[in-house]
Structures are given as structure tokens and as C-alpha cells.
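Inspection log for the structure reproduced underneath, given as C-alpha cells.
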Amino acid sequence: MLLKRCPHCATAHVHATERFAEHQEGSDPVVQWRVVRCQNPRCDRLILALVTASGEITRLYPAGTFELPDEAPIAKEIRDDFREAGLCLGAGCYKASMVMSRRALQRCLKEQGSDQHNLVDAIDHAVKTNILRKSFHDLATEIRQYGNLGAHPDDDQLSNATHENAEQILEFVRLLIHEFYEVPAAAAKLKGRRTRTPP
């Protein structure tokens, strides 16, 4: 079994091939709980995975910490929203995860100078002022729309609140956080080292 990321050690694309036990989920023969072990030798911890017959992992326990790196100057509110979106995803609360991803996106844009009250206006402003890449416009709009699924019951579309959609939205928010905060911090660090190095 290949995990996108170990919830313990955060190693990406790690194998967890040792199956110690499995348990069928209710009367559904195509969904099983499996206990596996992370094959990263520095981790070697157990993980509980809910797996479909096709091998798709739909849930992991523990869900993971979803902590953002300390070295980047990321506001506590953004860290909290991102962490909660990840925890909701791991707990199977997909609408809640989408809402928290939407909040994290809006907080990021506000910090970058797009502080319009409505997120649709903030996204448009961010694209027009080059705060947000034009190629990110459609993805940011999707986060807003999916976040509305949980925030506005009159427009509820339960079929769209899936694990896959919630996970992809969270990954895009993570990409934006990386671009807005981690890349500038890394660039500043490199520049500082370069200015201290004699020619």
C-alpha cells in the first residue's frame, strides 16, 4: 500500500505494505479497515486505513497534524484554519474541511492586500493586481464554491462534498501558503547568506 503521506512522520509517498489485520466495514464487502506499518525505518509506526476494494484509501488514523513549518512567517489564524481543515478531512467531515480551506484562502488573500468583504471580489482583485497568478484563478474560485457547500445550506450539493474534492482543495490551499509565505522566507534567507559571503 502506498500512502500519499504518513500521518506520523509526514514522509511523502511512503510504503505501508505490512498488513497485520483487516476488518470489513459493516455489511459493505468492498470497504475494509486495515492496520499497516509505515516502512520508513525512522518511523515504523502503525496506521489504521479505510480502504475500498479498488485499493483507494479514503481515511487514515491518525489523521495527521497538518502543521505548517515554523520558519515561515505564517499568521496563527491561517495555521489554525489549515490545521482544522486537515483534521476535518481526516475525520471524514468533508464539508467542514472545505469551509475551513475557504477561510484559510480568504485569510491569505487578505494578508496579501486583497481585503474585499466578498471572497469572489478578493479573488478577482488578487488576480488583477498580480497577487494571485492567473493560472490559480479557477482553483481559487473552486475553493470558494466548494466552501459555500458547507456554509450555505440553501445551495447544498452533498454529492460534491467528497473526500477527493476536500483533499484537493486542501492541497491547493497548501500550495498557496507555500507560495505566499515559504518561498519568500526561503528567498530572504538565501539572500541574507549571499550578502554575508565575500565575493
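The values are calculated or read from the model by the stated rules, or taken from the named source; none is laboratory data. Since we're looking at a predicted model, the values are computed, not measured. Cβ coordinates were reconstructed from backbone atoms using ideal geometry, including for glycine residues, and neighbour counts include every protein chain displayed.
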I'm trying to understand the selection: among the residues of the stretch 88-112, which are farther than 16 Å from Gly147 by Cβ and modelled with pLDDT under 90?
Gly90, Ala91, Gly92
Asp28 modelled with pLDDT of 85 or more, surrounded by fewer than 16 Cβ atoms within 10 Å (Cβ to Cβ), of a type outside the set (A, V, I, L, M, F, W, C) and not in a strand (DSSP E or B)
no
Only one of these is at pLDDT below 85, under 22 Å from Phe66 (Cβ atoms), surrounded by 15 or more Cβ atoms within 10 Å (Cβ to Cβ) and not assigned by TED's automatic domain parsing to the domain that holds Gly92: Ala12, Ala16. Name it.
Ala16
Any residue in the stretch 51-68 that's aliphatic (A, V, I, L, M) and loosely packed, with under 11 Cβ neighbours inside 10 Å: show its pairings with residues that are modelled with pLDDT under 80 and part of a loop (DSSP other than H, G, I, E, B) at Cβ separation under 7 Å, as long as the two are six or more apart or on different chains.
Ala53/Val30
For Phe82, are the conditions met, namely being within 14 Å of Gln168 (Cβ to Cβ) and either in a helix (DSSP H, G or I) or touching a residue at least 60 places away in the same chain (Cβ under 8 Å) (or both)?
no
